[in-house]
Number of protein chains: 6
Amino acid sequence: MTSSPRHDGRAPDQLREVRITRNWLDHAEGSVLVEFGRTRVLCAASFTEGVPRWLKGQGTGWVTAEYEMLPRSTNTRSDREARKGKVGGRTHEISRLIGRSLRAVIDTKALGENTIVLDCDVLQADGGTRTASITGAYVALVDAIEDARARGLIAAGAKPLTGSIAAVSVGIVGGTPVLDLDYPEDSTAETDMNVVMTGEGGFVEVQGTAEGAPFDRAELDALLALAAKGIDDLTAAQQAALATAPRERVR
Amino acid sequence: MTSSPRHDGRAPDQLREVRITRNWLDHAEGSVLVEFGRTRVLCAASFTEGVPRWLKGQGTGWVTAEYEMLPRSTNTRSDREARKGKVGGRTHEISRLIGRSLRAVIDTKALGENTIVLDCDVLQADGGTRTASITGAYVALVDAIEDARARGLIAAGAKPLTGSIAAVSVGIVGGTPVLDLDYPEDSTAETDMNVVMTGEGGFVEVQGTAEGAPFDRAELDALLALAAKGIDDLTAAQQAALATAPRERVR
Amino acid sequence: MTSSPRHDGRAPDQLREVRITRNWLDHAEGSVLVEFGRTRVLCAASFTEGVPRWLKGQGTGWVTAEYEMLPRSTNTRSDREARKGKVGGRTHEISRLIGRSLRAVIDTKALGENTIVLDCDVLQADGGTRTASITGAYVALVDAIEDARARGLIAAGAKPLTGSIAAVSVGIVGGTPVLDLDYPEDSTAETDMNVVMTGEGGFVEVQGTAEGAPFDRAELDALLALAAKGIDDLTAAQQAALATAPRERVR
Amino acid sequence: MTSSPRHDGRAPDQLREVRITRNWLDHAEGSVLVEFGRTRVLCAASFTEGVPRWLKGQGTGWVTAEYEMLPRSTNTRSDREARKGKVGGRTHEISRLIGRSLRAVIDTKALGENTIVLDCDVLQADGGTRTASITGAYVALVDAIEDARARGLIAAGAKPLTGSIAAVSVGIVGGTPVLDLDYPEDSTAETDMNVVMTGEGGFVEVQGTAEGAPFDRAELDALLALAAKGIDDLTAAQQAALATAPRERVR
Amino acid sequence: MTSSPRHDGRAPDQLREVRITRNWLDHAEGSVLVEFGRTRVLCAASFTEGVPRWLKGQGTGWVTAEYEMLPRSTNTRSDREARKGKVGGRTHEISRLIGRSLRAVIDTKALGENTIVLDCDVLQADGGTRTASITGAYVALVDAIEDARARGLIAAGAKPLTGSIAAVSVGIVGGTPVLDLDYPEDSTAETDMNVVMTGEGGFVEVQGTAEGAPFDRAELDALLALAAKGIDDLTAAQQAALATAPRERVR
Amino acid sequence: MTSSPRHDGRAPDQLREVRITRNWLDHAEGSVLVEFGRTRVLCAASFTEGVPRWLKGQGTGWVTAEYEMLPRSTNTRSDREARKGKVGGRTHEISRLIGRSLRAVIDTKALGENTIVLDCDVLQADGGTRTASITGAYVALVDAIEDARARGLIAAGAKPLTGSIAAVSVGIVGGTPVLDLDYPEDSTAETDMNVVMTGEGGFVEVQGTAEGAPFDRAELDALLALAAKGIDDLTAAQQAALATAPRERVR
């Protein structure tokens, strides 16, 4: 493709620069600062023994997530939801999406009666905060599981992870299907879709929304193909990050 | 197909019995009791002149929705969210979905500076409460717009509606793709997808979730085909309801 | 009385048309759609084994109620209390009144350590929503108790109900004492009184309020006589409903 | 009656010792420490110019009330409702009762566009906190109106008060109708009734509840007679307090 | 000092009139109405057996405090925090300060597994409400401990109190360091400091804030000297109050 | 001092390593990642034109702050206050402290009718989060003011800042007065004091608390001297950071 229709010069099927920094925090059992271009999310995995009351005695673990944006992660400051005394619908919705996505690659039996909470706090938002959160949270989850295994809290041979998981946005911007929308693209997209897939290419979540005119089946197919390509690239980035020795945590 | 794999004997591509009762309420500008089998949702459309502050002076209207389940709509009683002082994530998420879906067929300029709120209260739940809500709310929306037009609040020639909208669930149950899942099916589905489409077949929302194993592209295609068939049937039911004179409201 | 002073032509001591539809819901142990004219309340009785913590081990049961109005039950839409994060004073007050009234005919010892919650959701409001709620909830309560007895959760010979209960409003409108006020009457009444009585004519609650000028003893006596007449008629309607076989619930 | 059936030796128709101390506070435009025996309520009347938004421009004023119990007003400490983030049903119900009762003797036109808030804080509770609140709040209201008149905020000849108001409880205790129940009586009463009346004997509120068996018409009549006697005595106490020069406020 | 620079004629190192009335309430195990001039705080100590869950089984007790201002304790009425559904920062901060201060003289082992809650409700505010609260709460705490000892809930020889505690404000007003600021002084002070000390002169809390220009070390030293003098006087007032037989509580 | 009594080898009067990274965010008008050893706080300054309603028309600006800890900033995960629907006392208290401290060096007249909000989010906590917040927020505040000046929102010659501000903790640990306590020191300190001072050495806040035994005057003097030394070092670090060209923001 000789000239890009995208404002930042990317090819339609090109991700932004992806950076995954492991062990960004000292206290958390797993933590990742994940960056999709200017989008920057801190993913902290907290491992605790035991499960919520409604799961007790069943021999299975639990993985959940909470997503939140810092007030000045956006272009203009947003009020803190805590100060207003209630959490907005979008925040709840994304928290639930992240949790569901991670549980898709967890064998809760193999996890034992343990709980892992993934806190995804958006430090800077430039589109794709939920997809960056899922992609980064997976790496933090791996580290938290290995930390627990090293401490004997998970059996040596147990395999709580059944695969890897990543997420990416795709959309139709100015008539062109593109991969990994940043904020300027996202806010003008005619159609916006978030896709969560395993590293092996299985679909876990497909959430597409027509922001303007409805989209047709051919457009849907084009978007799904772009998403599959993006997930491949993100899976490679996750594996590369996990293959390198991380910063030593100070405990 | 000679024998059905479904517990209630339906064909895989068959909807439950759909009933749409218009003007179920006297006060509301539009109201529908919609039933998908045993699922029963009361959709009330409230038309008010004026728009929220952030929209004032732009000459455009607003359509939004609120979804809620009555405590005993389900098999065992759930606590009222109002009493607990906070609304759950699922409730928020569905409210937002219904609002977005209806706005996809609204020309807010043609609506003028008017607001329509769709209240979708689930009186009885047996799977598909969000899809029944969208399907019924569209009919209540049509009635509210015509009521406003009759009162001179919308210009005689204005066309605030750009099409019709309906929603249906599809899923993979026991390995078979099926249409319009009831609660027993929904709770055992391997994959669950809600699809919102216009009467003309354009996609407005596609929300698919793997509850168990990830699903592959062929399964996704089968589900999308079933959904398109179901939307056709629901669109016909909406049109049939709108073609009949409704009960006279007592004002 | 040759000519009625009431806007709808009723005699001063005449109820609106009363309809009591049992088993309106499939899931609830007892449920009633009760209508006092255009006022329409869905009363669902939920039976659960066990009692709240503060009652445990005393061999007694518990009956309580929650009342709420749907947003578009009224002439103009009201915001949902759940969305505002707090329940208003009127809602609390009526919930407490319904619960107290029902407990007046319950022998909690005979109920055993079981809880029945009555949810009274006003689908359409035209005056008298609290009195319709109590009158309908009693019938749902009877059905829930018999359902529990049929399932062996209440002893065959136990008599948890010591009588029947109904409620009606009376008031002084345009100088005339009248029975069962609808909304236009209620909003112009000089005095408004809600009376809860047993089927045998005992008083359980008397709540009278002067909306304008204070009322004197003679007026109070006239209102109490009207109420007694209305309760007799409502008791007959309850008994008629309970004497007929209800719709079969689909479970 | 030669011997009293009451635990404190009072005659059935005898009030507890009533004390009304005006200007207990320096800041409030009117304030009263009212005592019905050991029940002790601080009633503060706050006068402010202007009215709530929904009343603006109509030339009428507003009177409202808020009731609350201090945590250790009772025999065992209750949690503060503010700390729990929600106000209970009983608190709301009594606040509304006090406000309604006072408005029954207010001519809001004569008050002009001014607001008076009555804060009734129960410092010590021994039964009858709502009736003491109404009785004391009336005196604080008189003082606040006269203070406003002295400052020229109410016209010299205006008569915002159309009468006096007081409240008392009556009940059936051990089979005997009695006046002004203290806590031991209240907690064992078969029937409990709060009556709000003007000084001239008109009824403003009648709220009777059967705590045990329903009560009959004869019992109701006996209670209403006792209440009328009690209101006479309280009206005399209010007038006596208002006839004496109060403590000078330090401003 | 021949002429005072203070608006009420006090010497710079002179407290307002301090009054400590014990057993102002009948129900509370200890209660004090404390007055620093026109500032009037009701301090109620509630003793309960047992401790919060996180302390159970450690053989230690717990002392905590809650501070709140009545709506009309101030010159203009403030809204109730309970009605707004959230407690403000200042209220939390002072509650925590009072609790911490009292715990500084408590031997929680000697208290046994018992809890004492100190409720400090400001009935009238004229500056120094937190220092009056601490000073009064100490006396109520002594009474609650002795009441528990008399009932055998604390061992005869146990010494839960390791000393006495009092608090006072100091500040720089019009360039002059002064003791125990009332509201007019407090609102114009350049520097304001609250000091909590034991009766023996040890510091427990020092909280100084420059309201206008920063203060220097010499000013800080002057303020600390004034505070020490004020604490001596308050300690004497506490001891005098405790040396006198209090009003008999009616239980 | 030849051998340190501190667990990390610091001299008693030695700060942890201090790092101040400007423009860590692209959107915020000023932003700083401040680190006191392992304590890491993100301070974002948001500049908006206009002031809260209660300040309008007075020609003065407003500076305020909000402090919050991310759930996994601590050794074990804490629940989000937003999810619980209320913000804790400590969070409020520190938010207020930061705001007050910054306002001590602001000339609100020179700021014009503009508002600056400082969001201090603790990413990792190891003691001293409030002192790091104040120290970092000052630098972000300088940047936000210069950004506004560059955009013409503050007059070229206006001097909204009257000085610099920094904060440090001091305490007595194992009998020794030390500077800048980390978490292990803080949790075992006998006395803990936070001191906020201007760069020129004036006191703005002094908040000392005896955690165990009360402290005497000599100890207080030693702590104040250590604090003055620490503030000098922090002021130098602030000036060094401000003297260097920061990372260019991508807007």
Requested in this report: Being within 13 Å of chain C (Cβ to nearest Cβ) and of a type outside the set (A, V, I, L, M) is the filter here, so list the residues in region B:130-142 that pass it.
Outcome: none
Report summary line: Here the qualifying pairs (Cβ atoms under 7 Å; residues six or more apart or on different chains; first in region D:198-212 and facing another protein chain (nearest Cβ under 8 Å); second assigned to a strand (DSSP E or B) and of a type in the set (Phe, Trp, Tyr)) come out as D:Gly202/C:Phe215; D:Phe203/C:Phe215; D:Gly208/C:Phe203; D:Ala210/C:Phe203
Query - Residue satisfying condition, being outside any strand (DSSP E or B), away from every other protein chain (no Cβ under 11 Å) and farther than 30 Å from F:Thr108 by Cβ, within set E:Ala240, E:Ala228 - result: E:Ala240
Query raised in the report: So which residues in region C:77-112 are among the charged types (D, E, K, R), at pLDDT 95 or above and touching a Lys or Arg at 6+ places or on another chain (Cβ under 9 Å), if there are any at all?
Result: C:Asp107
**Report entry** region C:226-244, subset out of contact with any Lys or Arg (no Cβ under 9 Å at 6 or more places or on another chain) and exposed (fewer than 14 other Cβ atoms within 10 Å of the Cβ), residue farthest from D:Ile165 (Cα to Cα)
**Finding:** C:Ala243
Report task. Quick one: B:Asp180 ticks every box in (1) more than 15 Å from B:Thr129 (Cβ to Cβ); (2) in contact (Cβ under 8 Å) with a residue 60 or more places away in the chain except a single one, so which number is it? Result -> (1)
Query raised in the report: Restricting attention to region F:102-115, does a residue exist that is within 13 Å of chain E (Cβ to nearest Cβ) and basic (Lys, Arg)?
Result: yes
Query raised in the report: Going by the structure shown, is D:Ala137 more than 30 Å from C:Ala222 (Cβ to Cβ) and out of contact with any Leu (no Cβ under 9 Å at 6 or more places or on another chain)?
Result: no
**Report entry** Within region C:56-71, considering residues that are touching a Lys or Arg at 6+ places or on another chain (Cβ under 7 Å), more than 8 Å from chain B (Cβ to nearest Cβ) and not in a strand (DSSP E or B), the one farthest from B:Asp119 (Cα to Cα)
**Finding:** C:Gly59
Query - Candidates A:Asp143, A:Asp147, A:Asp126 - the one that is assigned to a helix (DSSP H, G or I) and farther than 24 Å from B:Pro214 by Cα - result: A:Asp147
Query raised in the report: Quick one: which of C:Thr91, C:Thr39 is buried (at least 22 other Cβ atoms within 10 Å of the Cβ), polar (S, T, N, Q) and under 15 Å from the mean Cα position of the chain (by Cα)?
Result: C:Thr39
Report task. Name the residue, out of D:Ile106, D:Ile116, that is under 23 Å from D:Leu70 (Cα atoms), in contact with a Gly (Cβ under 9 Å, 6 or more places away or on another chain) and of a type outside the set (Asp, Glu). Result -> D:Ile116
Report summary line: B:Asn194: passes all of (1) in contact with a Pro (Cβ under 8 Å, 6 or more places away or on another chain); (2) within 30 Å of B:Thr115 (Cα to Cα); (3) within 14 Å of chain A (Cβ to nearest Cβ) but (1)
Requested in this report: With the condition kept exactly as written, say whether any residue in region D:109-121 is farther than 20 Å from D:Met197 by Cα, surrounded by 24 or more Cβ atoms within 10 Å (Cβ to Cβ) and of a type in the set (A, V, I, L, M, F, W, C).
Outcome: yes
Report task. Assess whether D:Asp182 counts as being charged (D, E, K, R), more than 24 Å from C:Gly99 (Cβ to Cβ) and more than 10 Å from every other protein chain (Cβ to nearest Cβ). Result -> yes
Query raised in the report: Just to be sure, is D:Thr74 more than 14 Å from every other protein chain (Cβ to nearest Cβ), free of Cβ contacts under 8 Å to residues at least 60 places away in the same chain and surrounded by fewer than 24 Cβ atoms within 10 Å (Cβ to Cβ)?
Result: no
Query raised in the report: Looking only at region B:161-177, which residues are in contact (Cβ under 8 Å) with a residue 60 or more places away in the chain, closer than 21 Å to A:Ala104 by Cβ and of a type in the set (A, V, I, L, M)?
Result: B:Val170, B:Val173
Query raised in the report: Do we find a residue being more than 19 Å from the chain's Cα centre (by Cα), within 22 Å of E:Asp126 (Cα to Cα) and more than 9 Å from chain F (Cβ to nearest Cβ) anywhere in region E:153-170?
Result: no
Report task. Could you please find all residues in region B:171-215 being crowded, with 17+ Cβ neighbours inside 10 Å, under 19 Å from the mean Cα position of the chain (by Cα) and assigned to a loop (DSSP other than H, G, I, E, B)? Result -> B:Asp180, B:Leu181, B:Asp182, B:Gly199, B:Gly202
**Report entry** In region E:1-55, the residues that are part of a loop (DSSP other than H, G, I, E, B), under 20 Å from E:Val168 (Cβ atoms), within 14 Å of chain D (Cβ to nearest Cβ) and of a type outside the set (Gly, Ala, Ser)
**Finding:** E:His7, E:Asp8, E:Arg16, E:Glu17, E:Arg38
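The values are calculated or read from the model by the stated rules, or taken from the named source; none is laboratory data. Everything quoted here is computed from the prediction, not taken from an experiment. Ideal geometry is used to build each Cβ from the backbone, glycine not excepted, and the neighbour counts take in all protein chains shown.
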